[in-house]
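Derivation of every value follows stated rules applied to the coordinates shown; laboratory data play no part. As the structure is a prediction and not an experimental result, all values here were calculated from the model. Don't worry about glycine lacking a Cβ; one is built from the backbone with ideal geometry, like all the others, and counts go over all protein chains shown.
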Amino acid sequence: MSDRSRHVARSGGRQRRRRYSKVGIGILVVAAAIIIAIIAGIVSCSVNNDNETAKNNKTTTTPKETKPAIQESSFKMSVAGDYIIYSSIYQGANELAGGSGYDFSPMVKNLKQFTEKCDINYYNQETVLAAYDGVEPSDYPLFVSPPEAGDAMVDLGYNLVSTATNHSLDGSEQGILNSCKYWAKQKDVFMTGTFDSQEARDKVVIKECNGITYTMLNYTYDTNGIPVPEGKEYLVNVWPTNLEINDPEKDEKYQAYKEQVKKDIEAVRDKVDFLIVAIHAGVEYMPDESAYQDDMAQFLSDNKVNLMIGTHPHVIEPARYVGDMMCFYSMGNLLCSQYQDENFNKVTSILSTFTVKKSDDNGKVKITLEDMNNELLYCYFDQNTWRGHNIIPFSSSEIKDVMPDYKEVYKTYKDIFLKLDSTLPFEPCAE
């Protein structure tokens, strides 16, 4: 082969290699493009599928509904009986104060163990606190008491007080006006039952404790025959009863006043969670409730009252639920100077403590009384000197020193209190 032929051959080989290289590169480019397209398609398909799945999941998955939790709140409450200031009591208080003013605090000091554990503390101020601004204190039959008697209770934490009693007009109209003036000065204390004006009587008072709204209404059966001044019926709420008739169904005045009580209830019922009505009624020194007390309890229960507190009989009467309403027919004498017979019935009383619990289930409110305890108290004083008044719980060892037969007395009044409902708790006496 000549040099030219070899050159041509080599040149053709290079040209073919160049041509083959271009073709190979083209094939590779096309192949790469196809592969990329395939991968892109797969990725796109995967993304689309994921999006579709997410979309499907979004449209088909329903969030699980959670029922709102029941909202609960509560406060602790104590309920005590009649606080009656006889001359022996306020004279003793004057002596304790060194002859200048009055000091009732040593007489009621043992109540602190109950009140300090409670948010709301109730008692019935039987005698009108009006002995000031020239008005002198007095005893039976017209009780007018020094305001310092109220100071001792307020200092213990008593902040819910009823004043509609058969002794409300013992100091005449001025007595009620003085009493209202005194209570108006007490910070965070709600007094009701007696009023200094029609406006005050008709005012809707709503109190609140730990998220629970409450109020109290208060009525007495009579004012011991002392007429309420004409045109000033607002001075004291009188739900009249006629013990001569002794039949609620036949007592027209009693039945007619139910309209006023119902009106009072309706004015507050939908504004509060917890409604209390204090009733000063019944037959003195009777250990059983009267027909009027039973009728009142049923009427109040029917009108959705939560708690009825009974005062006036001066002895302990039974307690029970009337429908959903807790009913204390009579708490007895918390502080007094009445004669102590062999049964001690006028100097024993009940002090009840319990938790008022509110459960709010999506707007549906339910009120219950829980953790109840009922304590028997003894109002001790020296029978010879009529001094040394001291309220002593039967659960305290101190009771042994002042009442040798305390266990028998305890059983007597425990049985009376539990007569209508033996399931109610009752604090044991000292051993």
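What net charge do the residues around residue 232 carry, taking every other residue with its C-beta under 12 Å from that of residue 232, with Lys and Arg at +1 and Asp and Glu at -1?
With Lys, Arg at +1 and Asp, Glu at -1, the neighbours total -3.
Label points 7 Å out from Cα along the Cβ direction at residue 368 and residue 421: separation in nm?
1.4
How about residue 366: which lysines have a C-alpha closer than 19 Å to its C-alpha, ignoring those fewer than 8 places off in the same chain?
Correct list for residue 366: 67, 76, 207, 271, 304, 357, 358.
Tell me, how many Å apart are the Cα centres for segment 109-169 and for segment 384-431?
For segment 109-169 versus segment 384-431, the Cα centre distance is 23 Å.
Could you please report the charge total around residue 275, scoring K, R as +1 and D, E as -1 over all other residues with beta-carbon less than 12 angstrom from its beta-carbon?
-1
Is segment 73-417 best put as rounded, prolate or oblate by its Cα gyration tensor, with a ≥ b ≥ c the root eigenvalues, rounded for a/c under 1.5, and otherwise prolate when a/b is larger than b/c, oblate when not?
rounded
Work through the residues other than residue 127 whose Cβ is under 10 Å from its Cβ and net out their charges, Lys, Arg +1 and Asp, Glu -1.
Here the charged neighbours net out to -4.
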